[in-house]
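Step one of this worksheet: look at the structure below.
What follows is calculated from the coordinates using simple rules that are stated; it is not laboratory data. None of these values were measured; they are calculated from a predicted model. With ideal geometry, Cβ positions are generated from the backbone for all residues, glycine too; neighbour counts draw on all protein chains shown.
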Amino acid sequence: MSWFAGAHPLPAEMRREVQLYLHVAHVAKKHVPRTRVVLRDLWKQSRRRPYIDVWPMLDAMQDVTTRGTITGAAIKSAFRRRLLELQGGRCCYCRRWLVSTAFAKPIEHILPRRRYPQFSIEFWNLAVACSDCNGAKKDHVWGTISTVRRRYPRPREFTDAFHPRFHRYDEHVRYVRLETNATTVALFTGLTPQGRHLCRTLLHRIAAKETLVENNPALAPAMDQIRSFEVKAEGLRLAKFDTFREALEESFLHLIS
């Protein structure tokens, strides 16, 4: 069930969705009002010129109040929970299950924050992806959105690339994922220009990697161990592990390219 009724979200529908999130911005109700203030201040800071990426500030945040400490990890956890409800518990790109699985659930910046720091904490620029999609997409810019604009693009402006918050997945991509005892196959087909762009730039590589890893008796258990660690370490800042994960992703991409 989509959260918007028409072909694109209307301003009133978007305002309603923002308000629904702000009511659950922290798992502890007593911290919701202060969390809203923190998010508003970070949002304002990100939009001041020169633009800065405020995501690391949220990562490191320890806001001590008379009612307890509000951490960036707790804010992100509440946001992730809300997004997963909207996404039906699946990755925003490849549609893998993310609920009760061994996959980590990183928050994905649709317009990459390295190129669009002003949108690093923009509500509509965030989704939840699996670690494979998040790692493969990296800082690639999809589409022709200017990197210097201050206002986040309206839904109708995303005409040349898929936007998981503004587009209905089933209208743009058809997918099949088959699994047996020893074999996994994933197939993706783009139905629209945006869907075909998503398949060409990301999903076909994800399918190839999934086939390579899951059908290899040596690789599959090793990747299971890595994913298990990712889940346990979610929310921690592990620079060396992130570097290892990026190098591993590059190796996979080299093998399947």
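Can you sort Ser77, Ser46 by how many other beta carbons sit within 10 Å, fewest first?
Ser77, Ser46
Please find the FRET efficiency linking Thr192 to Arg49, where r is the Cβ-Cβ separation and R0 is fixed at 45 Å, and quote it to the nearest 0.05.
Approximately 0.80, to the nearest 0.05.
Can you tell me the relative contact order of the chain? Whole percent, Cα pairs under 8 Å, sequence separation 6 or more.
Averaging sequence separation for qualifying contacts and normalising by length gives 15 percent for the chain.
Give me the net charge for the shell around Arg67: Cβ to Cβ below 10 angstrom, other residues only, Lys and Arg +1, Asp and Glu -1.
Local net charge: +2.
With each label point set 7 Å from Cα along the Cα-Cβ vector, what nm distance links Glu157 and His140?
2.2 nm
What is the fewest-to-most order of Thr184, Thr35, Thr65 by other Cβ atoms lying within 10 Å of their Cβ?
Thr65, Thr184, Thr35
With each label point set 7 Å from Cα along the Cα-Cβ vector, what nm distance links Val27 and Thr180?
4.1 nm
Treating the angle as unsigned and between 0 and 90°, give the value, to the nearest 10°, between the Cα long axis of helix 219-232 and the longest Cα principal axis of the chain.
Compared with the principal axis, the helix lies near 10 degrees.
Treating cross-link reach as a plain straight distance, find the lysines whose alpha-carbon is under 19 Å from the alpha-carbon of Lys29, omitting any fewer than eight places away in the same chain.
Partners found: Lys76.
Helix 32-47 against the longest principal axis of the chain: what's the angle in degrees, Cα atoms only, rounded to the nearest 10?
The answer is roughly 80 degrees.
For Val173, list long-range residues whose amide hydrogen, built 1.01 Å from N in the peptide plane, is under 5 Å from its own amide hydrogen.
Those lying under 5 Å, H to H, from Val173 are Leu191.
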